[in-house]
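Asker: Before I ask anything, here is the structure I am working with.
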Amino acid sequence: MTNPVLAEVLRGTLVESVHRGSVAVFDGDGKSVWEIGETHRPVFPRSAVKLIQALPLVESGAADAYGFGDRELALACASHSGEPLHAETALSMLLRAGLDETALECGCHWPDNHAATIAMARAGGEPNALHNNCSGKHAGFLCTCCHSGIAHEGYVKADHRLQGLVRDAMEAVTGAAHEVDICGTDGCSIPTYAVPLRNFAVGFARIATGNGLQPERAKAGRRLMSACMAEPFMVSGTGRADEALMKAAPGRIFVKMGAEGVYCAAVPELGFGIALKCDDGAVRAAEAMIAGVLAKLLEKDEPLADELRKLAHKPIMSRNGAKVGEVRPAAFAD
């Protein structure tokens, strides 16, 4: 089976390129609501599942012990842009556990936010691991280790006790085994496991509803999801799709992107979890797809659905600032 076209790229009025993919929408009882394409196909979720990976931070008591609020919890689930508030918050989290940026094992890169990179370069600065888009997640990992009495060195390795806690949470929430033969390494050096796309949709429906989860895990999941919806800037950054989508409907939509065209999302009021994969890994297409899917699911709220449709249609501009085309979801979402 070939996955259908889920996003189109127009130049003028003609379709210049297309992106294929798959979408899974499930409810908290594990029942299929809407599926397109090969949702049984295993995919690496990459950063789209950071909320689930952050469950041990809350369940261990570390988040409360270090006084973390919505801002810190959202950053622990983030793929941030490396803007000053992101880096400062990650450092603050580490300092509360008696650590600093040298404990991070996520690697280093320039901020993803262009303005932040230019400002740093002009000041003669250089990036460190705090500017890595995953530094918040890794700060959460380190805080979990410190509070739980786990030696944190090598915490990114699959056989480390911390990663065992993360893997257990992933298996419990998604209902899929995370075995060594389906394990890869993410860009920030932690393990990532390829399981069927539909399992991620089930997992986020469970987080949204609490169905199928132990009470403490359900409470932790709701707390993390609520934090992300309350602090969308911390989850992503200035001008990013995740921030725009969650700000469009405060407290009603959770979304989280992952590398290679993956998105996971939830609509708590409907009790639905969503997972999608753009086959060719294009971010531009995945962003259009998730906005289109959300618009379809929330079509009864016409003002919100209209706003989501606008976000689903992304203009393509010339170097002179003229609109010359757009990226749009395929007909399924309109």
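The values are calculated or read from the model by the stated rules, or taken from the named source; none is laboratory data. Note that this is a predicted model, so its numbers are computed, not measured. Please note: Cβ atoms are built from the backbone with ideal geometry, for glycine as well, and neighbour counts cover all protein chains shown. These area figures cover heavy atoms from the full protein model, side chains too; ligands, DNA and RNA do not enter into them. Shrake-Rupley method; radii C 1.70, N 1.55, O 1.52, S 1.80 Å.
Asker: Suppose all protein chains stay in the model; what accessible area per residue would a 1.4 Å probe give for the stretch 1-81, in Å²?
Answerer: The answer is 38 Å² per residue.
Asker: Sticking with this structure for a sec: In square angstrom, what is the accessible area per residue of the stretch 201-284 with a 1.4 angstrom probe?
Answerer: Here the per-residue accessible area is 34 Å².
Asker: Could you compute how much accessible surface residue 31 exposes when probed at 1.4 Å, giving the result in Å² to the nearest 10?
Answerer: The accessible area comes out at roughly 130 Å².
Asker: For residue 185, list long-range residues whose amide hydrogen, built 1.01 Å from N in the peptide plane, is under 5 Å from its own amide hydrogen.
Answerer: Placed amide hydrogens put 192 under 5 Å from residue 185.
Asker: For a bin width of 10 Å, list the pair-distance distribution of the stretch 1-158 built from all Cα-Cα distances, rounded to whole %.
Answerer: Per 10 Å bin, starting at zero, the Cα-Cα P(r) for the stretch 1-158 comes out as 10, 30, 24, 24, 11, 2, 0 percent.
Asker: When the accessible area of the chain is computed with all protein chains present and a 1.4 Å probe, what percentage of it is carbon and sulfur?
Answerer: Roughly 51 percent, rounded to a whole number.
Asker: Determine the dipole magnitude for the chain: charges of +1 sit on the beta-carbon of Lys and Arg, -1 on that of Asp and Glu, nothing else is charged, the reference point is the Cα centre, and the result goes in debye to the nearest 20.
Answerer: In total the dipole reaches around 440 debye.
Asker: Also: The stretch 84-204: D in µm²/s via Stokes-Einstein (Kirkwood Rh, Cα pairs, 10 °C, 1.306 mPa s)?
Answerer: 101
Asker: Quick check: with the 1.4 Å probe, what order do 32, 135 take by accessible area, largest first?
Answerer: Final ranking, largest accessible area leading: 32, 135.
Asker: Report, to the nearest 10°, how far helix 135-148 tilts away from the longest principal axis of the Cα atoms in the chain, using its own Cα long axis and a range of 0 to 90°.
Answerer: Approximately 40 degrees, to the nearest ten.
Asker: Same structure again: Going by accessible area, probe 1.4 Å, with all protein chains left in place, what is the ranking of 247, 300, largest first?
Answerer: Putting 247, 300 in descending order of accessible area: 300, 247.
Asker: Sort out for me the Cα centre separation of the stretch 199-270 from the stretch 79-107, rounded to whole Å.
Answerer: Result: 22 Å between the Cα centres.
Asker: Another question about this same structure. On a 0 to 90° scale, report how tilted helix 302-312 is relative to the longest principal axis of the chain, with both axes built from alpha carbons and the result rounded to the nearest 10.
Answerer: 80
Asker: Before anything else, pin down the relative contact order of the stretch 13-329: Cα pairs under 8 Å, at least 6 apart, normalised by residue count, whole percent.
Answerer: Relative contact order of the stretch 13-329: 23 percent.
Asker: Per residue of the chain, what 222 nm ellipticity follows from adding -39500 (n - 2.57) for every DSSP H run with n ≥ 4, rounded to the nearest 500?
Answerer: Calculated mean residue ellipticity at 222 nm is -12000 deg cm²/dmol.
Asker: Can you give the convex hull volume per residue for the Cα atoms of the stretch 13-329, as a whole number of Å³?
Answerer: Hull volume normalised by residue count: 127 Å³.
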